1. Filtering segment 63-72 down to residues that are at pLDDT below 85 and surrounded by fewer than 12 Cβ atoms within 10 Å (Cβ to Cβ), which residue is farthest from residue 40 (Cα to Cα)?
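The values are calculated or read from the model by the stated rules, or taken from the named source; none is laboratory data. In this text the structure is predicted, and so the values were computed from the model without any measurement. Cβ sites come from the backbone with ideal geometry, for glycine too, and all protein chains shown count toward neighbours.
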Amino acid sequence: MEHLDTMIGPFSFMEWAIYLVLFGLALQTYTAIKRKMAAEQSTSSLIKSKCLGCGWSGKVSKHHRSCPRCGNVITRLK
């Protein structure tokens, strides 16, 4: 246990280990928040719709409105 008190630069080995763990946790939190924000942005461009050709109902992109089942252009939006 004496090696934990060994100084490496201005901090002990134990302090460096604690700071490294805290940095890793902060990085994981930042990555999770960034992923959640990206997922919210990607789903915000989806709209509920219904295909008049085959009756499929679901979400499609605002910019590319075609039925994933039959390929018809979706004209009815919910």
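1. Filtering first and then ranking leaves 64.
For every residue, the table says whether it meets (1) in a helix (DSSP H, G or I); (2) in the same structural domain as residue 61 (by TED's automatic domain parsing); (3) over 18 Å from the mean Cα position of the chain (by Cα); (4) more than 30 Å from residue 61 (Cβ to Cβ).
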{"residue": "3", "(1), (2), (3), (4)": "yes, no, yes, yes"}
{"residue": "20", "(1), (2), (3), (4)": "yes, no, yes, yes"}
{"residue": "27", "(1), (2), (3), (4)": "yes, no, no, yes"}
{"residue": "37", "(1), (2), (3), (4)": "yes, no, no, no"}
